[in-house]
Amino acid sequence: MPMRQMFSNPAGRFVDQTLRGVGQVMLQNNPITGFLFLVGIFISDWVSALYAILGTVTATGTALLFGAPRDEVSLGLYGLNGTLTGLGLAVYLQHDMLLLAYTIVASMFVAIVTAAIKDVFGSRCYALTGPFVITTWLFIGGLFTYGRLHAMPALGAPHLTTDVGPSAAAFGFADAVTGILNGPAQVMLQQGVWTGAIFLVALAINSPISCAAAVLGSAIGVGIGWALGAAPSAIREGLYGFNAVLTAIALGGLLFLLHRITVLLAVLAVCVSTVLYGSLVAVLGPAGLPALTAPFVVTTWLCLLARGALPRLRAFSPVEPVTPEGNRMAAQQAASKKGKGEMPCTKR
Amino acid sequence: MPMRQMFSNPAGRFVDQTLRGVGQVMLQNNPITGFLFLVGIFISDWVSALYAILGTVTATGTALLFGAPRDEVSLGLYGLNGTLTGLGLAVYLQHDMLLLAYTIVASMFVAIVTAAIKDVFGSRCYALTGPFVITTWLFIGGLFTYGRLHAMPALGAPHLTTDVGPSAAAFGFADAVTGILNGPAQVMLQQGVWTGAIFLVALAINSPISCAAAVLGSAIGVGIGWALGAAPSAIREGLYGFNAVLTAIALGGLLFLLHRITVLLAVLAVCVSTVLYGSLVAVLGPAGLPALTAPFVVTTWLCLLARGALPRLRAFSPVEPVTPEGNRMAAQQAASKKGKGEMPCTKR
Amino acid sequence: MPMRQMFSNPAGRFVDQTLRGVGQVMLQNNPITGFLFLVGIFISDWVSALYAILGTVTATGTALLFGAPRDEVSLGLYGLNGTLTGLGLAVYLQHDMLLLAYTIVASMFVAIVTAAIKDVFGSRCYALTGPFVITTWLFIGGLFTYGRLHAMPALGAPHLTTDVGPSAAAFGFADAVTGILNGPAQVMLQQGVWTGAIFLVALAINSPISCAAAVLGSAIGVGIGWALGAAPSAIREGLYGFNAVLTAIALGGLLFLLHRITVLLAVLAVCVSTVLYGSLVAVLGPAGLPALTAPFVVTTWLCLLARGALPRLRAFSPVEPVTPEGNRMAAQQAASKKGKGEMPCTKR
């Protein structure tokens, strides 16, 4: 994957890696996108933004310390789960010096988890935000045993919605628009239409197709949540959208080439990941754990692993995913070289 | 695996694949067995039977759409988990138009899960009913968050038995016979001695040994449930039998050649899968999830994966499992060719 | 791994294998260490000690029956999880004839689970005490469904600690020392400073470095538990130490060569495994399951699997782990042969 470095000195390179790490939370290998993501988080909650930076820097540094290949670190692949781990702990726990230390340990560990998942999957699948989900569950669970960790007073509640029955009347057009904009914001565990809007702009800068996928995914999430009778407040807050957004970005032209068969797969996966969110909220509720991005991770992992047994999906896997636009161009070039109009495919 | 197709035209072939899919729920590659399974379900609950057909057709069609190899689809390997997913959703949720759409999405997704598990295991293990368990858990969990999905009023209860203490007195010979016949019926999430009896006949048509294994497995399940002091009503309803039935069929001559060492393994696995049922009911209870066939899947997966490290088990793995009878014949032919009386074994 | 057999006759060899199995609970391939572990358990609770022997013998015998390679059985690798399964069931359930049969079935099954995990990991990772955790969870869960299994009246309670808030005042130097000595004892699910002291002596006989790692690990566990505000009684009973002890032994010179980078990894892993203990106690509480050694297993598996993606960790993996002392010696000899002072590393 070719890539222009913004800086040539080590400090500048580390800043570049950190910003790309933040960008990779939504699978965008672009420091400017990452920077705008941070701006969006700052607007919503500046303490969270500092924890996000702490997590990204710690995870990236730990990966370098234990000898991770420089090209993978440069793509931000070790940073993104640090970003989310920092955000997750900052959002569910109250800030104090202990939480700072706790976050550093968790962010160091998330680099180990990322490496372990990479090794298990090899070239068949990507770690995505799986290391964040595992690490944050492991560290949030301690909240109920350790007396010196304090849960956010108001929070936790929106993530543990209750069955309120069908209530379509209370959900209008303005609620739907709010929910669609809050979807991208909730990927970073934030709430706020301006934050969501900045995230969409940040996506559009790197890939208009990914931006469109995010909007469509968020809309499907809102629609599915409404159709199944989820709590309107939760839909409005974007809770039924953030897994749909990530799934739509990942499967919408990025990890598969755009084609009618992969678009069908993406729509199916977006629907499933939304259903799963409501399901996991209920199933994990008694254990006191939030669903996080587990619905996106589980759904997308299964779709990627299924390529091994389903040749038509394998045929539309890009050689090396860059952006939806980059994938299309590479596929067209390869096709024109062959002069046959065939789509290229990865060989297994 | 040789196989006669009942029909040569595409529609007939699809009917054949669908019926084999239903038959493969109990590892029987036989459309007549599958047809009798459907008859048994119709007798017990015709709505469930329609959902079973819907699930099988959708999963089989999805697999073909995404390019699954025709020979695997023809064996019914993509259909069986669709059958069970349809049954699972029909049994736990109330029928309405929303449930129809929900079941179609779930049955499409179960084909993806099947492909993913096949790819992860390769030739070392089989997916069995694992995709059904995963998908149904993910879709049933939503019951507690989504206001427009409605749980069956009476149901769920039998699957969430409570500790009622030793009560051997209340459990007589008639209860035991009822329990043994209900065991096979519960594989399809049904209850009824006639349904169980039809299932046994359907098994006997394809493989008398599998039928005998099912009866013995169900009896061991009832015995273990009684010895450990499970609720008599649950034993009578076949709930301690259905995982035992599946484990006995799978390990009793089908996935391992019959031999005293593999019979010991099968008996051990049947006991463990029964214990596990009671254990999972308790462990999954707080999360609101039923055990489904997870005890069978976990136990059988572990026994199959153990072959890699235990050469004596590997020695009795048939080259390509067909039926217990077919496996025996293939092994004897291979042995007589060698003229040494040795059992053939798969090479790894 | 060279090894002197104490006995040449079959019975003596089986005794040797059994004692090594007990020793391997703390990764010590030494029958005298194993014997002293049994002595320590006898002092604390002789019924548990008999169940430990029953479990080890059953698991070892089952592995031999199903054809496990003799050299692996001789190292005690199939026995250790039987030891712990016997202890786990004896500690959580009341002794009677039914529990004896239950323990035999569980210990036979743990050999299958061990083989399955070995096959899944291949040379990339070790089973450790993972089979014990899985099997014991599966068999303890039945406690709540089966009326003829009886939970220990007093027990279960210490393993289900509750959030009691910061209480540093109530935790003095004597409490810390008690906690540090109880840490190794809790590896075998026992409590008692003498038992812990005997275990440390047993470790020192086979490897002084492992003994030092156990003491340091236990101390870190006590420190982390105290710093995070865990219940003082639980810290004093060694509950925050036993996962730390196992993680420190495994990563402290045994599965990685001692080096500043691996010492940092070991300290990180010890901290994480301690945090995880408190987390899993809370998360598994509603399901009625204890944490057992799952925190050690999860943390150490992740660190070992991470070697595939982190070359600096791979560089310090011993060719074949023996003891920390043996690893150092082998590495130095290999280095002097090369005459370059380089550390040898396993090739992948």
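Do the conditions hold for C:A204, that is, is it over 24 Å from A:L99 (Cα atoms), surrounded by fewer than 22 Cβ atoms within 10 Å (Cβ to Cβ), of a type outside the set (K, R) and at pLDDT 95 or above? Write out each step before concluding.
Values: over 24 Å from A:L99 (Cα atoms): yes; surrounded by fewer than 22 Cβ atoms within 10 Å (Cβ to Cβ): yes; of a type outside the set (K, R): yes; at pLDDT 95 or above: yes.
The answer is yes for C:A204.
Among the residues of the range A:110-124, is any in a helix (DSSP H, G or I), over 30 Å from A:S207 (Cβ atoms) and either open to solvent by less than 10 Å² (accessible area, probe 1.4 Å) or touching a helix residue (DSSP H, G or I) at 6+ places or on another chain (Cβ under 6 Å) (or both)?
Checked the range A:110-124: at least one residue is in a helix (DSSP H, G or I), over 30 Å from A:S207 (Cβ atoms) and either open to solvent by less than 10 Å² (accessible area, probe 1.4 Å) or touching a helix residue (DSSP H, G or I) at 6+ places or on another chain (Cβ under 6 Å) (or both).
When the range B:62-91 is examined, which residues are found to be away from chain A (no Cβ under 12 Å) and not aliphatic (A, V, I, L, M)?
If the condition is that a residue be away from chain A (no Cβ under 12 Å) and not aliphatic (A, V, I, L, M), then B:D71, B:S74, B:G76, B:G79, B:N81, B:G82, B:T83, B:T85, B:G86, B:G88 are the ones that fit.
Given the options C:L87, C:L189, name the one that is open to solvent by 10 Å² or more (accessible area, probe 1.4 Å), of a type outside the set (F, W, Y) and at pLDDT 90 or above.
Details: C:L87 fails: open to solvent by 10 Å² or more (accessible area, probe 1.4 Å).
Selected residue: C:L189, the only one of C:L87, C:L189 that is open to solvent by 10 Å² or more (accessible area, probe 1.4 Å), of a type outside the set (F, W, Y) and at pLDDT 90 or above.
Please work out if C:F296 is within 15 Å of C:N182 (Cβ to Cβ) and open to solvent by less than 10 Å² (accessible area, probe 1.4 Å). Lay out the reasoning, then the answer.
On the way: within 15 Å of C:N182 (Cβ to Cβ): no; open to solvent by less than 10 Å² (accessible area, probe 1.4 Å): yes.
For C:F296, the condition - within 15 Å of C:N182 (Cβ to Cβ) and open to solvent by less than 10 Å² (accessible area, probe 1.4 Å) - is not met.
Mind telling me which of the residues A:D175, A:D119 ends up being farther than 23 Å from C:L264 by Cα, of a type in the set (D, E) and either at pLDDT below 95 or in contact with a strand residue (DSSP E or B) (Cβ under 6 Å, 6 or more places away or on another chain) (or both)?
Details: A:D119 fails: farther than 23 Å from C:L264 by Cα.
Of A:D175, A:D119, the one residue that is farther than 23 Å from C:L264 by Cα, of a type in the set (D, E) and either at pLDDT below 95 or in contact with a strand residue (DSSP E or B) (Cβ under 6 Å, 6 or more places away or on another chain) (or both) is A:D175.
Please work out if A:D163 is modelled with pLDDT of 90 or more and of a type in the set (D, E).
Values: modelled with pLDDT of 90 or more: no; of a type in the set (D, E): yes.
So A:D163 does not fit the description; no.
How many residues are of a type outside the set (A, V, I, L, M), within 7 Å of chain C (Cβ to nearest Cβ) and more than 13 Å from A:L77 (Cα to Cα) when one looks only at the range A:106-124? Outline the logic, then answer.
Taking the range A:106-124 first, the residues of a type outside the set (A, V, I, L, M) are A:107, A:109, A:114, A:118-119, A:121-124.
Narrowing the set further to residues that are within 7 Å of chain C (Cβ to nearest Cβ) leaves A:109, A:118-119.
If we keep only those that are more than 13 Å from A:L77 (Cα to Cα) too, we end up with A:109, A:119.
Of the residues in that region, 2 qualify.
If you take the residues in the range B:39-52 that are without any contact (Cβ under 8 Å) to a residue 60 or more places away in the chain and surrounded by fewer than 20 Cβ atoms within 10 Å (Cβ to Cβ), which one is farthest from the other protein chains (Cβ to nearest Cβ)? Before you say what the answer is, go through the steps one by one.
First, the residues of the range B:39-52 that are without any contact (Cβ under 8 Å) to a residue 60 or more places away in the chain: B:42, B:46-47, B:49-51.
Among the residues that remain, those that are also surrounded by fewer than 20 Cβ atoms within 10 Å (Cβ to Cβ) are: B:42, B:46-47, B:50.
Details: B:F42: 29, B:W46: 26, B:V47: 21, B:L50: 22 Å.
It comes out as B:F42.
Does the range A:306-328 contain any residue that is within 22 Å of the chain's Cα centre (by Cα), open to solvent by 30 Å² or more (accessible area, probe 1.4 Å) and under 15 Å from A:N243 (Cβ atoms)?
Within the range A:306-328, none of the residues are within 22 Å of the chain's Cα centre (by Cα), open to solvent by 30 Å² or more (accessible area, probe 1.4 Å) and under 15 Å from A:N243 (Cβ atoms).
Counting only residues that are outside any helix (DSSP H, G or I) and away from chain A (no Cβ under 14 Å), which one in the range C:238-254 is nearest to C:Q28 (Cα to Cα)? First the steps, then the outcome.
So in the range C:238-254, the residues outside any helix (DSSP H, G or I) come out as C:238-241.
From the residues that got through so far, the ones that are away from chain A (no Cβ under 14 Å) too are C:238, C:241.
On the way: C:G238: 21, C:G241: 19 Å.
Here the residue is C:G241.
When you look at A:S218, is it polar (S, T, N, Q), in contact (Cβ under 8 Å) with a residue 60 or more places away in the chain and either closer than 18 Å to A:L203 by Cβ or more than 10 Å from chain B (Cβ to nearest Cβ) (or both), yes or no?
Details: polar (S, T, N, Q): yes; in contact (Cβ under 8 Å) with a residue 60 or more places away in the chain: no; either closer than 18 Å to A:L203 by Cβ or more than 10 Å from chain B (Cβ to nearest Cβ) (or both): yes.
Spelling it out, it is not the case that A:S218 is polar (S, T, N, Q), in contact (Cβ under 8 Å) with a residue 60 or more places away in the chain and either closer than 18 Å to A:L203 by Cβ or more than 10 Å from chain B (Cβ to nearest Cβ) (or both).
Which residues, counting only those in the range A:91-109, are open to solvent by less than 10 Å² (accessible area, probe 1.4 Å) and closer than 14 Å to A:I53 by Cα?
Scanning the range A:91-109 gives A:T103, A:A106, A:S107.
Looking at this structure, is B:L36 open to solvent by 10 Å² or more (accessible area, probe 1.4 Å) and within 20 Å of B:W194 (Cα to Cα)? I'd like the intermediate steps shown before the answer.
Details: open to solvent by 10 Å² or more (accessible area, probe 1.4 Å): yes; within 20 Å of B:W194 (Cα to Cα): yes.
For B:L36, the condition - open to solvent by 10 Å² or more (accessible area, probe 1.4 Å) and within 20 Å of B:W194 (Cα to Cα) - is met.
In the range C:297-314, which residue that is in contact with a Lys or Arg (Cβ under 7 Å, 6 or more places away or on another chain) and within 7 Å of chain A (Cβ to nearest Cβ) is nearest to A:A59 (Cα to Cα)?
Only one residue fits best here, namely C:A309.
Can you pull out every residue in the range B:274-292 that is more than 7 Å from chain C (Cβ to nearest Cβ) and either farther than 17 Å from B:L189 by Cα or touching a residue at least 60 places away in the same chain (Cβ under 8 Å) (or both)?
Of all residues in the range B:274-292, those more than 7 Å from chain C (Cβ to nearest Cβ) come to B:274, B:277, B:284-285, B:287-292.
Listed by number, the residues that qualify are B:L284, B:G285, B:A287, B:G288, B:L289, B:P290, B:A291, B:L292.
Answer with yes or no whether C:R260 is within 13 Å of chain A (Cβ to nearest Cβ), more than 28 Å from C:G241 (Cα to Cα), open to solvent by 40 Å² or more (accessible area, probe 1.4 Å) and at pLDDT below 95.
Details: within 13 Å of chain A (Cβ to nearest Cβ): yes; more than 28 Å from C:G241 (Cα to Cα): no; open to solvent by 40 Å² or more (accessible area, probe 1.4 Å): yes; at pLDDT below 95: yes.
Answer is no for this residue.
All but one of (1) within 14 Å of another protein chain (Cβ to nearest Cβ); (2) at pLDDT 95 or above hold for C:A213; which doesn't?
Against the list (1) within 14 Å of another protein chain (Cβ to nearest Cβ); (2) at pLDDT 95 or above, C:A213 comes up short only on (1).
If you take the residues in the range A:125-148 that are facing chain C (nearest Cβ under 9 Å), in a loop (DSSP other than H, G, I, E, B) and open to solvent by less than 10 Å² (accessible area, probe 1.4 Å), which one is modelled with the highest pLDDT?
A:Y146
What are the residues in the range C:25-50 that are over 21 Å from C:I249 (Cβ atoms) and under 17 Å from the mean Cα position of the chain (by Cα), if any?
Within the range C:25-50, the subset over 21 Å from C:I249 (Cβ atoms) is C:42-43, C:45-50.
Listed by number, the residues that qualify are C:S48, C:A49.
The values are calculated or read from the model by the stated rules, or taken from the named source; none is laboratory data. For clarity, every value in this text was computed on a predicted model and none was experimentally measured. When we count neighbours, we look across all protein chains shown, and the Cβ atoms used for this are built from the backbone with ideal geometry, even at glycine. Areas reflect the complete protein model, heavy atoms only, side chains present, ligands, DNA and RNA absent. Shrake-Rupley method; radii C 1.70, N 1.55, O 1.52, S 1.80 Å.
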